[in-house]
Structure formats: C-alpha cells, structure tokens
Amino acid sequence: MDALRIRGATRLEGTIHVGGAKNAALPILCATLLSDGQSRLRNVPRLRDIETTSALLRFLGRNAVVTSPVVEVGAATGEIRPEAPYELVRQMRASVLVLGPLVARYGRAKVSLPGGCAIGARPIDQHLKGLEALGARIRVEHGYVIAEARRLRGAEIVFDLQTVTGTENLMMAAALAKGRTTLVNCAREPEVEELARVLNRMGAHIEGAGTDTIVIGGCDELEPFDHAVIADRIEAGTFIAAVGAVGGNVLLEQAPFDDLEPVVAKLRGAGMEIEREGEHMRVARERTISPVKATTAPHPGFPTDMQAQLMAMMCVAQGQSVLTETIFENRFMHVPELCRMGARIEVHNNAAIVDGVPRLSGASVMATDLRASASLVIAGLVAEGETVVRRVYHLDRGYDRIERKLAGVGATIERFTLEGPP
Ligand code: EPZ
C-alpha cells in the first residue's frame with residue numbers, strides 16, 4: 001500500500017502546472033455515450049477516477065482508451081450493455097453520471113445505487129425525480145436503479161436543492177429528449193458550464209449553464225467531440241493553501257483564476273498575495289496567517305472541496321478561525337488526524353473552531369477521503385519532523401502525482417510502499 005513521507009518545509013518556491021479538472025472530465029466522458037462516434041478528451045489528468053470511468057465505459061461496450069493526458073472513446077460497435085455494476089459504482093459515486101445518457105440514448109439503464117460514502121449519505125433522489133419528470137419509469141431493485149423510457153420528453157424540473165451531478169445528469173438526459181426542458185435551481189459550478197460547452201459542441205441546444213436556470217432544446221442525435229478540458233480549480237486551490245500554510249512564492253501555471261474567486265477572496269483575507277500573471281496565477285505568503293471565518297456553499301460560494309485544505313492552513317494561523325460545512329454531513333474526518341499532529345480544533349455540529357498554534361508536529365496519519373488526504377499533506381508540510389500519510393489511494397483519486405508537483409517547489413515529500421497493515 002502506497003504512503004507519503006513528508007518533512008516540514010520552510011518555503012515553497014517555483015512553478016506548478018495545474019492539470020485538467022477531474023470533476024469536469026468525469027461527466028464529459030459519460031457524455032460520450034450520447035453519440036455513436038469516436039470522441040477525444042484532452043488535458044485529462046492521470047487519476048484513478050479517470051481509469052475507473054474508462055473501465056465503466058468499456059464495461060458498457062464502448063472502447064475507452066486512456067493515453068494520458070488524452071482519453072479516446074471509440075465509436076459504438078456492438079451491443080451496448082446499459083448496466084453499471086456495483087463493483088465499479090462503489091469505487092466512484094460519479095458513475096451515476098451514466099444513468100442519464102444511457103436512458104436517453106438506449107431507452108434503458110440499470111445502475112447500481114452508489115451507497116453511502118465517507119463524507120455523507122449522498123442520495124440521488126434529485127437525479128431520479130428529474131428522470132421521472134422526463135418520462136422515465138424508475139424502479140429500485142436489489143440495490144440497482146432501473147430506468148426505462150421509449151423516448152424521454154422535455155419537462156420543467158425544479159431541483160429541491162443544488163446538486164452538481166444531478167444538474168449534469170439531467171442536462172445530458174434532456175439533450176436527447178423530445179422537446180424543451182427547463183431545469184430550475186441548478187448547480188452553477190464551472191464544471192457544469194464546461195459540460196454544457198461540450199454538449200453544445202456535440203450539437204445540443206443548451207442555454208443558461210452557470211446560472212440557476214438551464215434551458216435544453218432536445219435533439220434527435222448528437223455528434224462526437226474533440227475537446228481539451230478546463231483546469232482543475234480544486235487542485236489549484238489545494239496548492240494555494242499549501243503555499244499559504246508553508247509560506248513562499250509559487251507560479252500556478254494555467255490556474256483558472258475566475259473559477260477560484262471565492263477561494264482567492266478568502267485566502268487574500270488570510271494574508272496571501274494572489275495575482276493574475278497572464279493565464280497563470282502568482283501566489284505568495286510572506287506575512288503571518290490571519291484567521292478566517294468560512295462557510296462552504298454551492299458555487300459561487302466557498303467550495304466544500306476546499307474546506308479541509310483551508311483548515312490545514314488555519315491550524316498555524318495567528319488566532320481563531322471558524323470553518324462551517326453546510327454541504328456534507330460528515331466532512332470533518334481530517335480533524336482527529338490534524339489533532340494528532342498538534343492542531344487545536346473543536347467541532348460543534350457543523351462548525352470547526354480552529355485555534356492556531358505556532359507549529360504542528362509530524363506523525364503517522366490516515367487518509368480517509370480525497371480532500372482530507374490533501375489536508376494531511378499540507379499539515380505535513382508545516383509540521384516539525386516526519387509525517388507519514390497512509391492510504392494515499394484516496395489522494396490518487398483526485399491528484400495527479402501531487403508529491404512530484406510539491407517536490408518541484410522545494411517540499412521534502414516522497415512516495416513509498418508501506419509494508420504491513422494499511
Ligand atoms: C459533486 O458531487 C462533486 N463530485 C464533489 O466533489 C463535490 O464535493 C460536490 O459536487 C459538491 O460541490 C463530482 O462532481 C464528481 P451534490 P455531487 O449532488 O454531485 C445532496 C471531490 O472532492 N444531494 O452537489 O455528488 C448531497 O447529499 C468530490 O472531488 C441530495 O440530497 O454532490 C449533498 O449533501 C467530493 N440528493 C448535497 O446535495 C441528490 O439527489 C450536494 O451534493 C443529490 C445531492
């Protein structure tokens with residue numbers, strides 16, 4: 001089992017290249033099911049979730065080939081088996097994103113319910129409610145969702161809450177429905193806008209992506225695409241928090257400045273200098289870290305996917321920070337591990353009170369989910385002594401060789417194989 005060995009850093013200096021956005025690439029790869037032609041997605045990061053999605057597409061009957069940073073999905077050849085099995089879905093909840101495309105293109109989909117996950121129950125009721133509104137007959141049997149429809153037909157759908165993959169699933173399904181669909185109370189994340197951009201390049205008629213109301217004019221068929229995916233705002237945000245925690249001056253190549261506005265505002269408030277440099281972003285922290293108050297919210301609020309990383313930085317701020325998590329019910333699992341490193345954090349319901357300390361102390365810690373893992377890496381960079389982060393397979397789901405990128409700006413961090421229990 002891989003682990004990371006980290007020694008506290010003094011400064012981070014140099015350049016980091018920001019890769020393609022995981023949470024944009026995943027729905028776009030599922031959108032290949034809407035067309036029979038060969039599609040190509042470029043600037044795709046080398047991640048476990050990309051491999052899992054490609055394996056799922058192959059299981060369904062499409063020949064997906066990953067030659068990083070390109071993923072090619074071959075033209076439909078034989079029979080499509082519109083079934084996503086538990087063995088694949090349990091590895092990655094985002095597999096639910098094949099549900100909309102399969103029932104829209106093939107009239108049937110059998111997709112395993114994703115089940116719970118470390119950070120919360122994460123139901124998919126909004127996905128199913130929307131598909132029913134489009135005319136799909138939905139039943140749940142033996143842990144699988146079965147959706148059937150001769151032809152989906154346009155409808156008006158009002159989400160009870162803002163759901164990123166729910167918005168994406170329904171946008172893809174409606175793209176092949178008969179007639180017009182209006183989605184209300186949509187997620188506004190940049191990854192939703194990126195998916196709409198690709199669907200329109202495939203011939204769809206989608207307006208309003210990035211706002212809370214999206215109108216989709218249904219088509220009879222869609223064309224394949226060749227597209228380079230946008231940069232990953234959460235990967236970039238993670239590196240901003242690393243520089244903020246350790247101190248230093250780093251150029252983040254291709255960082256999506258506009259998609260990071262809530263993060264930039266919050267970290268400037270913590271004492272960082274963050275400026276555009278052409279298509280890149282210059283991040284620096286020379287002064288002490290000021291404490292912040294942050295509450296996660298759907299975009300354009302402060303992203304939940306940055307909460308753990310911000311917390312790691314606030315562990316060594318000068319004063320008390322309050323981080324409130326409103327999206328997921330169990331997204332503080334990094335807290336006990338950070339406390340083992342000397343952090344002073346108390347959790348009251350969905351708020352974490354962080355009293356900054358001068359230094360953390362290195363320890364052996366356990367990753368529990370993707371962003372909690374990143375938080376522990378950042379903590380290791382500001383800890384005295386050695387930190388070993390176990391179960392880094394969580395990290396590999398969403399970060400492409402993070403240890404190489406951090407070592408490239410002066411961090412002492414290496415991957416090694418840990419013998420014995422993970
Ligand atoms: C997406 O997950 C992201 N994943 C998550 O990133 C991200 O944390 C999340 O959006 C919030 O921004 C991908 O895009 C692949 P939601 P998603 O549906 O779509 C509840 C990462 O770190 N809900 O927006 O699954 C849900 O329980 C991952 O890269 C329902 O109740 O999240 C949650 O409390 C982690 N019913 C809230 O809504 C539904 O039908 C937001 O969930 C759907 C969601």
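A few points about this structure:
- Taking all protein chains into account, the per residue accessible area for the chain stands at 38 Å² (1.4 Å probe).
- Cleavage-rule hits (trypsin sites (Lys or Arg not before Pro)) in segment 83-129: DSSP loop, at most 10 neighbouring Cβ within 10 angstrom: none
- The calculated 222 nm mean residue ellipticity attributable to helices in the chain amounts to -8500 deg cm²/dmol, summing -39500 (n - 2.57) over DSSP H runs of n ≥ 4 and dividing by all residues.
- By the rule of a C-alpha distance below 27 Å, with chain neighbours fewer than 8 residues away ignored, the lysines paired with Lys266 are Lys22, Lys293, Lys405.
- Distant-in-sequence amide contacts of Thr412, defined by a placed amide H-H separation under 5 Å and a gap of 5 or more residues or a different chain, comprise Arg7.
- Inter-label distance for Glu329 and Glu221, nm, one decimal - labels placed 7 Å from Cα along Cα-to-Cβ: 4.6
- Karplus-based coupling profile of segment 217-225, in residue order and whole Hz: x, x, 10, 8, 7, 10, 9, x, 9, with θ = phi - 60° in 6.51 cos²θ - 1.76 cosθ + 1.60 and x standing for Gly or Pro.
- Share of carbon and sulfur in the accessible heavy-atom surface of segment 260-301 [1.4 Å probe, %]: 49
- Other-chain or far-sequence residues with amide H under 5 Å of Arg188's (modelled H): His299
- Computed label-point distance, nm, for sites Thr15 and Arg180 using a 7 Å Cα→Cβ extension: 4.8
- Expressed as a whole percent, the accessible surface of segment 22-228 that belongs to carbon and sulfur atoms is 47, based on a 1.4 Å probe.
- Once the C-beta distance of Ala297 and Glu207 is scaled by a Förster radius of 30 Å, the resulting FRET efficiency is 0.75 to the nearest 0.05.
- For segment 346-410 versus segment 113-129, the gap between their alpha-carbon centres in whole angstrom: 26
- For Ala352, the amide hydrogen comes within under 5 Å of the amide hydrogens of Leu323, Thr324, Glu325, counting only partners 5 or more places away or on other chains and with H modelled in the peptide plane.
- Residue-span extension gain [Glu141 to Glu346] - 0.36 nm each, minus C-alpha spacing: 69.6 nm
- Rounded to the nearest 0.05, the FRET efficiency derived from the C-beta distance between Arg268 and Arg81 at R0 = 51 Å is 0.50.
- FRET efficiency, Asp36 to Glu261 (Cβ-Cβ, R0 45 Å, nearest 0.05): 0.70
- Coarse-grained scattering of the chain at q = 0.10, 0.13, 0.14, 0.15 Å⁻¹, given as base-10 log I(q)/I(0) from a Debye sum over alpha-carbon atoms: -0.67, -1.09, -1.23, -1.36
- Applied to segment 95-110, the Karplus parametrisation 6.51 cos²θ - 1.76 cosθ + 1.60 on θ = phi - 60° returns per-residue 3J(HN,Hα) values of 4, 4, 6, 8, 4, x, x, 5, 6, 6, 8, 10, x, 7, 8, 10 Hz, with x for Gly and Pro.
The values are calculated or read from the model by the stated rules, or taken from the named source; none is laboratory data. No experiment lies behind these values; they were computed from the predicted model shown. Every residue, glycine as well, gets a Cβ built from its backbone with ideal geometry; the counts of neighbours run over all protein chains shown. The accessibility values were calculated without ligands, DNA or RNA, using every heavy atom of the protein model including side chains. Shrake-Rupley method; radii C 1.70, N 1.55, O 1.52, S 1.80 Å.
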